[in-house]
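No lab work stands behind these numbers, since they all come straight from the coordinates. Computed from a predicted model, the values in this text were never measured in an experiment. Here the Cβ is made from the backbone with ideal geometry for all residues, glycine too, and neighbour counts use every protein chain on show.
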Amino acid sequence: MNSPKIKVVEAPARVESPSQAITQGNYKVFNRIVDWITNDRMQLLNITDRVNELVRKSGVKDGIIHLQSLHTTTAVFINEWQDALLHDVKTFLDQVVVREQYYRHNDPAFSDCERQNADSHMRGMLMGQTLCLQVRNATVLLGTWQNIMFAEFDGPRSRSLSVQISGI
């Protein structure tokens, strides 16, 4: 049996501006980097309105939005934005990942990290650094109580979130 021949075509490399929209027919790809300066070591931010503002600016009515934190000591996730629950989330993370526990990452004998932030890495790993959501009618599709949250685990610091919106 003869195997089919595969033709490899390489596209020229393109560097896109962080805020440039690419359009192919009716299909669009919109990229942005969103920045924050956090105030606390552990801080939860409701970024839903800011993300929906980017969706409106993108011109995408129906498609996908991909959110990616550019840090290993932060997270992006969905949950209800309610004061008692936010307190419970922080308490839960403090109990599951104890800051005062021994971590090799914090030990100068094993690591060159000066921030003593192994617990922050563990929290970020547990919560996750990416979300992929649907865009419908030029807004992020969310349930009644759902909000998009950005979590800081090693602040205060300057933080960035990459946002890519694609669709028609």
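Using the Cα atoms of the chain to build a convex hull, what is its mean projected area in square nanometres?
On the way: hull surface 62.7 nm².
Here the figure is 15.7 nm², rounded to one decimal.
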Summing +1 for each Lys or Arg and -1 for each Asp or Glu, what net charge is found among the other residues whose Cβ lies under 15 Å from the Cβ of residue 82? -2
Taking every C-alpha to C-alpha distance in the range 75-115 and binning by 10 Å from 0, the per-bin percentages run 23, 35, 27, 15, 1
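Express in % the proportion of alpha carbon pairs of the range 100-168 at distances exceeding 14 Å.
I get 71 percent for the Cα pairs in the range 100-168 exceeding 14 Å.
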Size of electric dipole in the chain: Cβ of Lys, Arg +1 and of Asp, Glu -1, about Cα centre, debye, nearest 20: 880 debye
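Is the shape of the range 57-148 rounded, prolate or oblate, going by the alpha carbon gyration tensor and its root eigenvalues a ≥ b ≥ c, with a/c under 1.5 for rounded and a/b larger than b/c for prolate?
The shape class here is oblate.
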